[in-house]
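S.K.: The structure follows.
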Amino acid sequence: MTAHIEAASPHTMNTYARLPIAMERGQGCRVWDVNGKSYLDGLGGIAVNTLGHAHPKLVPALQEQIGKLIHTSNYYHVPNAEKLAAKLSELAGMTNVFFCCTGLEANEAALKLARKFGHDKGIERPEIVVYEKAFHGRSIATLSATGNPKIQQGFGPLVDGFIRVPLNDIEALKQATEGNPNVVAVFFETIQGEGGVNPMRIDYLQAVRKLCDERDWLMMIDEVQCGMGRTGKWFAHQWAGIVPDVMPLAKGLGSGVPIGAVVAGPKAANIFQPGNHGTTFGGNPLAMRAGVETIRIMEEEGLLDNAARVGAHLKGAFEKALAGNAGVKEVRGQGLMLGIDLAKPCGVLVQRAADAGLLISVTADSVIRLVPPLILSETEADEMVSILVPLIEAFLNE
């Protein structure tokens, strides 16, 4: 009998409240830990593993690329960077792309774009509208734009230049900016991820687009978590029929290989010039190949339709199974980005679900977040419901 392997990382900085689990391999929507236990992956690397694990079309493409070229630096052109930028511009109806490595970097670049947009117009102290419950990253600037005092604590002084407003309240946005000539941009997630899977309403998105046009502001939409097909369209804001001026992406764009991107429309396409911004690893040949192949496979396998169909099935199944339970406030989200909002903090369910063979996360203290790979089947969705619902009911009865 093989001895049980304990999961521990004593020399790794203690920045995460890790579960006592170490993963060894994955296939499709399942992963196995070093002790051979199997888990259905309802977390997808936190909305990263678009194609699941060890996808048979992605693996050989990446192996081929590693055998040719991984990194060269941005002194030189990278053919797949142009190919990926052209494809993203086409899918978004926008103009050009800056590549980096993470969502944080993409959001940081968006904030720099907004400030330079203001300075180019003669605004000495540009201000950016951000939202309550938002999460844009953990650098000092993106942390300042984030709407979570708990994770900001201990890192002051934060960067100024942000105006914070509530979600889905156009009058609050107008009042907060009335008569302020320094406002240059509105920055938000179409569906807040870390903030509790909180969607922006379609009519609100359309009203913000109109206001940005009227006041010559940049509309900057953080699609890092909710983009790349997760809701059933390439980008979640497309359900509202609008086009942003700036759109940060990351997470699912490389199906596990780190990529960040900032897609710009005509209003923002030429703000950055040589020397204004840069990155060492962003746009490297391996990451760009991962992005190109991820989109190709998504198109070939109809994963946007799958996300919409299986996501609706999953949401409906949870709503039906949890109907009438007073401890369940709401099942919300779209496609394969769902949140189950409970009436009390439920962080203990992360370990309990893992013990039962399901990977989930809890965000905003009381919201179970599900962001599985976009290849999830209805059968796997039903399995997810069958595991999670009894755990929720037992927890709420405690």
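The values are calculated or read from the model by the stated rules, or taken from the named source; none is laboratory data. Keep in mind the model is a prediction, meaning the values are calculated, not measured. Reconstructed Cβ throughout: ideal geometry from the backbone, glycine too, with neighbour counts over all protein chains shown. We work out accessible area using only protein heavy atoms, side chains counted, and drop any ligands, DNA or RNA first. Shrake-Rupley method; radii C 1.70, N 1.55, O 1.52, S 1.80 Å.
S.K.: Using all C-alpha to C-alpha distances in the stretch 32-88, build P(r) with 10 Å bins and read off the rounded percent in each one.
M.R.: P(r) over the stretch 32-88, rounded to whole percents: 17, 33, 34, 14, 3.
S.K.: Describe numerically, in nm with one decimal, the distance between label points set 7 Å from Cα along Cα→Cβ at Thr2 and at Lys112.
M.R.: A separation of 4.6 nm, rounded to one decimal place.
S.K.: Quick one: if the Förster radius is 35 Å, what FRET efficiency do Asp365 and Asp160 give, using the C-beta to C-beta distance and rounding to 0.05?
M.R.: Efficiency computed from Cβ-Cβ geometry: 0.80.
S.K.: Over what distance in Å are the Cα centres of the stretch 55-127 and the stretch 252-314 separated?
M.R.: 8
S.K.: Percent of accessible area on the stretch 60-107 owned by carbon and sulfur, 1.4 Å probe?
M.R.: The value for the stretch 60-107 is 59 percent carbon and sulfur by accessible area.
S.K.: Return the FRET efficiency for the residue pair Gln27, Arg201: r is the Cβ-Cβ distance, R0 is 41 Å, and the value is rounded to the nearest 0.05.
M.R.: My answer for the efficiency is 0.60.
S.K.: So, one more: Over the chain, with a single point scatterer placed on each C-alpha, what log10 of the ratio I(q)/I(0) does the Debye formula yield at q = 0.14 1/Å?
M.R.: -1.31
S.K.: Taking a temperature of 37 °C and a viscosity of 0.692 mPa s, what whole-number D in µm²/s does Stokes-Einstein yield for the stretch 249-375 with Rh from Kirkwood over alpha carbon pairs?
M.R.: Here the translational diffusion coefficient equals 187 µm²/s.
S.K.: Compute the distance in nm between two label points, each set 7 Å from the Cα along the Cα-to-Cβ direction, one at Ser9 and one at Glu64.
M.R.: Placing both labels 7 Å beyond Cα along the Cβ direction yields 3.3 nm.
S.K.: Then there is this: Grab the other residues whose beta carbon is less than 9 angstrom from that of Pro372, score K and R as +1, D and E as -1, and report the net. Spell out each step's value before the answer.
M.R.: Values: positive: none; negative: Asp41, Glu380.
Net charge around Pro372: -2.
S.K.: Take the alpha carbon gyration tensor of the stretch 90-202, find the square roots of its eigenvalues, order them as a ≥ b ≥ c, and report rounded if a/c is under 1.5; if not, report prolate when a/b exceeds b/c, else oblate.
M.R.: Numbers: a/c = 1.12, a/b = 1.03, b/c = 1.08.
The shape class here is rounded.
S.K.: Placing unit charges on C-beta atoms (Lys and Arg positive, Asp and Glu negative, everything else neutral), compute the dipole magnitude of the chain about its Cα centre in debye, rounded to 20.
M.R.: Result for the chain is approximately 420 debye, rounded to the nearest 20.
S.K.: I've got another one for you. Per residue, how many Å² of accessible area does the stretch 1-103 show with a 1.4 Å probe?
M.R.: On a per-residue basis, 62 Å².
S.K.: In the Gaussian network model of the chain, springs joining C-alpha atoms below 10 Å, which of Gln175, Gln192, Gln65 carries the largest mean-square fluctuation?
M.R.: Gln175
S.K.: Using a/c under 1.5 as the rounded threshold, could you call the stretch 29-176 rounded, prolate or oblate? The axes a ≥ b ≥ c are square roots of the C-alpha gyration tensor eigenvalues, and prolate needs a/b larger than b/c, oblate otherwise.
M.R.: Because a/c hits 1.5 or more and a/b fails to exceed b/c, the stretch 29-176 counts as oblate.
S.K.: Gln152 label point, 7 Å along Cα→Cβ, cut-off 14 Å on backbone N: hits in the stretch 198-215?
M.R.: Counting backbone N atoms under 14 Å from the label point, the list is empty.
S.K.: Could you give the length gained on full extension between Ala312 and Glu214, defined as 0.36 nm per residue of separation minus the Cα-Cα distance, in nm?
M.R.: Numbers: separation 98, 0.36 × 98 = 35.28 nm, distance 3.59 nm.
Difference between extended and current length: 31.7 nm.
S.K.: Let me ask another. In percent, how large is the relative contact order of the stretch 295-365, given Cα pairs closer than 8 Å and 6 or more residues apart?
M.R.: Relative contact order of the stretch 295-365: 21 percent.
S.K.: Let me ask another. Give me the dipole magnitude in Debye, nearest 20, for the stretch 1-46 about the Cα centre, with unit charges on the beta carbon: positive for Lys and Arg, negative for Asp and Glu.
M.R.: With Lys and Arg at +1 and Asp and Glu at -1, about 60 debye.
S.K.: Specify which residue in the list Cys100, Gln27, Ala86 is farthest towards the positive end of the charge dipole of the stretch 1-125, using unit charges on the beta carbon of Lys, Arg (+1) and Asp, Glu (-1), about the Cα centre.
M.R.: In the stretch 1-125, that residue is Ala86.
S.K.: Next question, about the same structure. Can you list the lysines whose alpha carbon sits under 25 Å from that of Lys87, skipping same-chain ones fewer than 8 residues off?
M.R.: Within the straight-line cut-off, Lys87 pairs with Lys57, Lys68, Lys112, Lys233, Lys251, Lys267.
S.K.: Calculate the FRET efficiency for Ser386 and Lys37 from the Cβ-Cβ distance with a Förster distance of 22 Å, rounded to the nearest 0.05.
M.R.: 0.80
S.K.: Find which of Ile242, Phe155, Ile297 sits farthest along the positive direction of the dipole of the chain, computed with +1 on the beta-carbon of Lys and Arg, -1 on that of Asp and Glu, about the Cα centre.
M.R.: Of Ile242, Phe155, Ile297, it is Phe155.
S.K.: Could you check the spin-label model distance between Leu396 and Asn270? Points 7 Å from the Cα along Cα→Cβ, value in nm.
M.R.: Simple spin-label model gives 5.7 nm for this pair.
S.K.: Rounded to whole Å and sorted largest first, list the principal axis extents of the Cα atoms in the stretch 213-295.
M.R.: If we take the Cα atoms of the stretch 213-295, the spans are 41, 37, 15 Å.
S.K.: If I stretch the segment between Ala326 and Glu90 completely, what's the gain in nm (0.36 nm per residue apart, minus their alpha carbon distance), one decimal?
M.R.: 80.4 nm
S.K.: Right, here's the next one. Put +1 on the Cβ of each Lys and Arg and -1 on the Cβ of each Asp and Glu in the chain; which of Ala176, Leu370, Gln273 then has its Cα farthest toward the positive end of the dipole?
M.R.: Ranked along the dipole, the leading option is Gln273.
S.K.: Further, regarding this structure: Quick one: how many Å² of Glu124 are accessible to a 1.4 Å probe, rounded to 10?
M.R.: Estimated to the nearest 10 Å², Glu124 gives 150 Å².
S.K.: Glu300 to Ala54: extension gain in nm, 0.36 nm per residue of separation minus the Cα-Cα distance? Can you show the working numbers first?
M.R.: Details: separation 246, 0.36 × 246 = 88.56 nm, distance 1.69 nm.
Stretched fully, the Glu300-Ala54 segment lengthens by 86.9 nm.
S.K.: Where the only charges are on Cβ atoms (+1 Lys, Arg; -1 Asp, Glu), what is the dipole of the stretch 64-176 about its Cα centre, to the nearest 20 debye?
M.R.: That gives the stretch 64-176 a dipole magnitude of about 120 debye.
S.K.: While we're on this one: Given the options Tyr39, Tyr204, Tyr16, which has the most mean-square fluctuation in a GNM of the chain, springs set between C-alpha atoms less than 10 angstrom apart?
M.R.: Maximum among the listed residues: Tyr16.
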